[in-house]
Amino acid sequence: MASQFKLIGFDLDGTLVNSLPDLALSVNSALAEFNLPQAPESLVLTWIGNGADVLISRGVEWASAQSGKTLDEAEIKQLKARFNHFYGENLCNVSRLFPNVKETLEKLKAQGFVLAVVTNKPTQHVQPVLKAFGIDHLFSETLGGQSLPAIKPHPGPIYYLCGKFGFYPRQVLFVGDSRNDILAAHAAGCPAVGMTYGYNYNIPIAESKPDWVFDDFAEILNIV
């Protein structure tokens, strides 16, 4: 039976790549330059998913509450720039692909699916991460936080993929690990897979009501 799906879109952080260790390292390196306290990895996890600006804003808010030290707008802007610098240096220092990601993507590509990445991660960091793990050639489109006017949970990036490749939303499957991924897919009229191992603010992904909930990335092969 031919698959109803033609295109499969993927979130990046928490879905394909376990980037938490490098994100935490980069956040803490930036905070340290302003003599602000270091955040544990388990806390940084709850700040991920809405792009770098929100990640840093949450970090600064927490660090200020801990230390009683407040930063003005110019300092926050500088801290964001330092985070981008550190993260650029540490994109794949300790990050790893989640289990079965590369093999599954290769199988999907070989089966003729169009593959795309839709992430809120800063656009400048997306290709270097995919390249570092040797999976950049598998994707026909990669969209980051600055690629389009809207980011997830807005359905805009998924509509863009439908328009670019000429598919209806029902022909697109979206795979992510956070509420924003499921909201974006459903708002666009696409079925969605929720991965349980990602960074959904410590809330079970099942609560966002994806069409499928998987613990193992390879399980995607069973539904396409």
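The values are calculated or read from the model by the stated rules, or taken from the named source; none is laboratory data. Because the structure is predicted, anything quoted here is derived from the model rather than measured. Here the Cβ positions follow ideal geometry from the backbone for every residue, glycine too, while neighbour counts run over all protein chains shown. For the accessible areas, the whole protein counts, side chains as well, though only heavy atoms, and no ligand, DNA or RNA atoms are used. Shrake-Rupley method; radii C 1.70, N 1.55, O 1.52, S 1.80 Å.
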Practice problem: Report, in degrees rounded to the nearest 10, the 0 to 90 angle that the Cα long axis of helix 52-67 makes with the longest principal axis of the chain. | Solution: 30 degrees
Quiz item: What are the residues whose amide H is under 5 Å from the amide H of SER95, where those residues sit 5 or more places off or on another chain and H is modelled from the backbone?
Solution: ASP22
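Ignoring ligands, DNA and RNA, what accessible area per residue does the chain give at 1.4 Å, in Å²?
On the way: 9860 Å² over 224 residues.
On a per-residue basis, 44 Å².
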Self-check item: Inter-part distance where the range 2-62 and the range 131-210 are each reduced to a Cα centre, Å
Solution: 16 Å
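Pull out a ≥ b ≥ c, the square roots of the eigenvalues of the alpha-carbon gyration tensor of the range 43-87, then state rounded if a/c is under 1.5, prolate if not and a/b is larger than b/c, and oblate in the remaining case. Walk me through the intermediate numbers first.
Numbers: a/c = 1.97, a/b = 1.11, b/c = 1.76.
Taking the square roots of the gyration eigenvalues as a ≥ b ≥ c, the range 43-87 is oblate.
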Quiz item: Among rounded, prolate and oblate, which fits the range 107-224 when a ≥ b ≥ c are the square roots of the eigenvalues of its C-alpha gyration tensor, a/c under 1.5 means rounded, and a/b larger than b/c means prolate?
Solution: rounded
Quiz item: Using modelled backbone amide H atoms (1.01 Å from N, in-plane), which distant-in-sequence or interchain residues come within less than 5 Å of VAL17's amide H?
Solution: PHE98
Quiz item: With axes computed from alpha carbons, what is the tilt in degrees of helix 123-132 against the longest principal axis of the chain, rounded to the nearest 10 within 0 to 90?
Solution: 70 degrees
Quiz prompt | Formal net charge of residues neighbouring LEU20 (Cβ-Cβ distance under 12 Å; K, R +1; D, E -1) | solution = -3
Self-check item: Accessible surface of the chain, 1.4 Å probe, proportion on carbon and sulfur as whole %
Solution: 51 percent
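How large is the helix-only mean residue ellipticity at 222 nm for the chain, computed as the sum of -39500 (n - 2.57) over DSSP H runs with n ≥ 4, divided by its residue count, in deg cm²/dmol to the nearest 500? Don't skip to the end; give the middle numbers.
Values: 8 runs with 91 residues, N = 224.
Calculated at 222 nm, the ellipticity per residue is -12500 deg cm²/dmol.
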Practice problem: List the residues whose amide H sits under 5 Å from the amide H of GLU141, counting only those 5 or more places along or on another chain, with H placed 1.01 Å from N in the peptide plane. | Solution: VAL117
Exercise. Can you tell me the 0 to 90 degree angle between the C-alpha axis of helix 101-110 and the longest principal axis of the chain, rounded to 10?
Key: 30 degrees
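Among residues other than PHE174 whose Cβ falls under 14 Å from its Cβ, what is the net charge (Lys/Arg +1, Asp/Glu -1)? Present the calculation step by step, with values, prior to reporting the outcome.
Numbers: positive: LYS6, LYS152, ARG170, ARG179, LYS209; negative: ASP11, GLU141, ASP177, ASP181, ASP211.
Charge balance near PHE174 sits at 0.
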Quiz item: Which option, [x] 61, 31, 30; [y] 60, 41, 32; [z] 52, 42, 31, is the value of Cα extents along the principal axes in Å that was calculated from these coordinates?
Solution: [x]
Self-check item: Among the listed pairs LYS69/LYS102; LYS80/LYS109; LYS80/LYS152; LYS6/LYS80, those beyond 32 Å (Cα-Cα)
Solution: LYS69/LYS102; LYS80/LYS109; LYS6/LYS80
